[in-house]
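Heads up, the thing below is written out as structure tokens.
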Amino acid sequence: MIKMADRLKLYHLFAVDAAGVATATYEFNCSDEEEARIRARTYLGRHDMLELWIAHKRIARLNRGE
């Protein structure tokens, strides 16, 4: 039997400054990329620019106001 937790993937979210240097990091589990993007957007209230990653692949760069 496959449990829901077995299907979740670990995503990393980095708050970055204008030079691309990480100023904060977050980790969370989501079932897919779309869910991860939605969750990442909730952090835009605290940070101006974010990068969403899974393993060594950047999925998205999110900017406040876009």
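Couple of notes before you dig in:
- Phi angles of region 13-18 translate, via the Karplus equation with coefficients 6.51, -1.76, 1.60 and θ = phi - 60°, into HN-Hα couplings of 10, 10, 7, 10, 8, 4 Hz per residue; Gly and Pro are given as x.
- Based on protein heavy atoms only, the chain ends up with 70 Å² per residue of surface accessible to a 1.4 Å probe.
- Surface listing: VAL21, VAL16 arranged by accessible area from highest to lowest gives VAL21, VAL16, probe 1.4 Å.
- The fraction of accessible area contributed by carbon and sulfur in the chain is 51 percent, rounded to a whole number (1.4 Å probe; ligands and nucleic acids excluded).
- Just checking the listed ones, LEU52, LEU13, LEU44: in the Gaussian network model of the chain with Cα springs under 10 Å, the one fluctuating most is LEU44.
- Within a Gaussian network of the chain (alpha carbon springs, distance under 10 Å), most fluctuating of GLU35, GLU51, GLU27: GLU35
- Computed over the chain with a Gaussian network model linking Cα atoms closer than 10 Å, the most mobile of TYR43, TYR26, TYR11 is TYR26.
The values are calculated or read from the model by the stated rules, or taken from the named source; none is laboratory data. Predicted model, so just to flag it, every value in this text is computed and none were measured. These area figures cover heavy atoms from the full protein model, side chains too; ligands, DNA and RNA do not enter into them. Shrake-Rupley method; radii C 1.70, N 1.55, O 1.52, S 1.80 Å.
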